[in-house]
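The values are calculated or read from the model by the stated rules, or taken from the named source; none is laboratory data. Please read all numbers here as calculations on a predicted model, not as lab measurements. Cβ placement follows ideal geometry from the backbone for every residue including glycine, while neighbour counts extend to all protein chains displayed. Only protein heavy atoms, including side chains, enter the accessible area calculation; ligands, DNA and RNA are left aside. Shrake-Rupley method; radii C 1.70, N 1.55, O 1.52, S 1.80 Å.
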Amino acid sequence: YGKLKLYHEIVQHHMNTHSYHKIIKACKKYGTHVPQLWIQTLSYFANLSEICEEEIIQILEHIERNNLLPPLMVIQILSQNSNKPLSVVKDYIVRALKNEQNIIFSNEEEIGRYQHDTQVMREEIERLQTQ
């Protein structure tokens, strides 16, 4: 499968054998070529009856680091199984919200600068037209 670049099949094989460590290892090895492997793996662990907190945390770290999914989609995937406790995604959600807050803050600062620059330009245009 590796030589044929059938990375989804490699991960699926490990999922069929419930080799959690090998699933994560395959995603780390082939996930740079096919980022969707991480999403497939997250869905797999989300649907398991076991908690698998350590594996989900590893997957979420990689998804966050490479910006593979928006936080809302991650929450929707993990909410498919009511057996998953909120603690599994709590840190991820907090980091995502902080990141979004920082983006909003920087956008507001940029908007303020643009408004100021626009006002200065309007005053300059007005000055040039009247003098």
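Assuming R0 = 30 Å, can you tell me the calculated FRET efficiency for the pair S87 and Q36, based on Cβ-Cβ distance, to the nearest 0.05? Here the calculated transfer efficiency is 0.65. With coordinates expressed along the principal axes, the C-alpha atoms belonging to the chain extend over 81, 38, 18 Å, beginning with the largest. Other residues lying with their Cβ under 15 Å from the Cβ of K90 contribute a combined charge of -2, Lys and Arg counting +1, Asp and Glu -1.
Estimated from helices alone, the mean residue ellipticity of the chain at 222 nm is -25000 deg cm²/dmol (sum of -39500 (n - 2.57) over DSSP H runs with n ≥ 4, per residue). So how tilted is helix 20-30 from the main axis of the chain? Cα-based, degrees 0 to 90, rounded to 10. Approximately 50 degrees, to the nearest ten.
Solvent-accessible surface of the chain, taken per residue with a 1.4 Å probe and all protein chains present: 70 Å².
Against the main long axis of the alpha-carbon atoms of the chain, helix 87-130 sits at an angle near 20°. Extension gain, E61 to S43: 0.36 nm times the residue separation minus the Cα-Cα distance gives 5.0 nm.
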